[in-house]
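Reading through the structure tokens given below for one structure.
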Amino acid sequence: MEAYLDNSATTRCMECAAETVLRLLREDFGNPSSMHAKGVEAERYVREAKAFFASNLKADEKEIYFTSGGTESNNLALIGTAMANRRAGNHLITTEVEHASVRNTMKYLEEQGFRVTYLPVDEDGIVSVEALREALRPETILVSVMYVNNEVGAVQPIDEIGRIIRKTNPGTLFHVDAIQAYGKYRILPKREGIDLLSVSGHKLHGPKGVGMLYVDRRVKIRPILFGGDQQKGLRSGTENVPGYAGMAAAARVCYEDLDRKVERLYALKERFVEGVRALPDVRINGRTGRDSAPHIVSVSFAGVRSEVLLHALEEKGIYVSAGSACSSNKPAVSRTLSGMQLPKEYLGSTLRFSFSFDTTEEEIDYCLQELAGLLPVLRRFVRR
């Protein structure tokens, strides 16, 4: 039996999305910039994909831009707005637990002369809104906070952050990395005070290599890629029509009967958490209730290196991550877990289990069964 429990790294592409991609690669393969019938047909697919995301976010189609994925969406949001608004100030705010595509972009912006404040989080991985309030300055031009943390499933108080920014400094832009949240939460940027929102296709059962960035029409933003002026010049490059259409097809399915799907995810999570808590010498990191993401559980196993347990599970056909799979395949101390003040003995002994709408109870039970058998065996070989 196999149990794929690494859905925060990537998800299996839905059949409808894969079929859409294949059809557009083989049949409706025109370039939407072309003026002939094949190009017009391709442009129709782009418009339909934009129309779906605009409707889903209660936004305007002109506020939807397609990218090559979450990393590009985050880079464009941060670099594009920082450079465009530099005359208004040079102060940026983010958190200590952001994904590398935000954290490393902020480091780049620091090299360009911007000042960045990194907000701390509590033991559950939740950012302090009071720390945010205190950090805001008249010269703060951008705040970037992820919706759902990709390692521990912490859900940040996005609504409250948006209200604080609007009340304290209305000119400050608010970017949200929603890569782990979109497809599992109903997100309404205008209601939540979000000016820019990043989405990735392969995290919601769409194809890899495609993403989306919502940019409120009032936002001043510069391109970071230059070319043929596609997408109003903000994101040049021949448009990946199969990717856009495939991502939209997958997102449509995700949002059909969403409440029931999310309820089932929480039931799977509760089943897994209950089983893990019955194992000796384990620690679950962060919250596990309805105030946490429905699909992510971070667990530390005392006395076992995460890489050792990961590969032992792999031999049983169980696939998980040691922290974030998006940064690198090299083991490193997790900034998220460090920021949550996780005791040192647990930092190198943590695995992330993440579920999807495809995950079954049988997969959960199989993983728990194998963990119960593997842990005592692996702990016997720990060097003293």
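The values are calculated or read from the model by the stated rules, or taken from the named source; none is laboratory data. Here the structure is a predicted model, which is why all the values come from computation and not from measurement. Note: ideal-geometry Cβ built from the backbone for every residue, glycine included; neighbour counts use all protein chains shown. The area values use the complete protein model at the heavy-atom level, side chains included, leaving out ligands, DNA and RNA. Shrake-Rupley method; radii C 1.70, N 1.55, O 1.52, S 1.80 Å.
Residue pairs whose Cβ atoms lie under 7 Å apart, separated by 6 or more positions or on different chains, with the first residue in the range 12-23 and in contact (Cβ under 8 Å) with a residue 60 or more places away in the chain and the second of a type in the set (Asp, Glu), are 12/358. Here the condition is being over 30 Å from residue 86 (Cβ atoms), at pLDDT 95 or above and of a type in the set (A, V, I, L, M, F, W, C); of 265, 213, it holds for 265 alone. Entry remark, the range 135-173: residues being part of a loop (DSSP other than H, G, I, E, B), touching a Gly at 6+ places or on another chain (Cβ under 9 Å) and more than 30 Å from residue 352 (Cβ to Cβ) number 5 in total.
Exactly one residue among 285, 329 is at pLDDT 95 or above and not aromatic (Phe, Trp, Tyr), and that residue is 285.
Inside the range 271-301, can you point out the residues that are under 20 Å from residue 378 (Cβ atoms), open to solvent by 30 Å² or more (accessible area, probe 1.4 Å) and either assigned to a loop (DSSP other than H, G, I, E, B) or in contact with a helix residue (DSSP H, G or I) (Cβ under 7 Å, 6 or more places away or on another chain) (or both)? Within the range 271-301, 278, 280, 281, 282, 283, 284 qualify. Out of 370, 362, one residue alone is touching a Leu at 6+ places or on another chain (Cβ under 9 Å), assigned to a helix (DSSP H, G or I), open to solvent by 10 Å² or more (accessible area, probe 1.4 Å) and modelled with pLDDT of 95 or more. It is 370. The set of residues from the range 115-134 being open to solvent by 10 Å² or more (accessible area, probe 1.4 Å) and not in a strand (DSSP E or B) comprises 120, 122, 123, 124, 126, 128, 129, 130, 131, 133, 134.
So that you can scan it fast, the table gives a plain yes or no per residue for (1) more than 30 Å from residue 11 (Cα to Cα); (2) open to solvent by less than 10 Å² (accessible area, probe 1.4 Å); (3) of a type outside the set (A, V, I, L, M, F, W, C); (4) modelled with pLDDT under 95:
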| position | (1), (2), (3), (4) |
| --- | --- |
| 142 | yes, yes, no, no |
| 147 | no, no, yes, no |
| 161 | no, yes, no, no |
| 190 | no, no, yes, no |
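Listed by first and then second residue, the pairs with beta-carbon distance under 6 Å, at least 6 apart or on different chains, first residue in the range 101-114 and assigned to a helix (DSSP H, G or I), second open to solvent by 10 Å² or more (accessible area, probe 1.4 Å) and not hydroxyl-bearing (Ser, Thr, Tyr), are 105/75; 106/116; 110/116.
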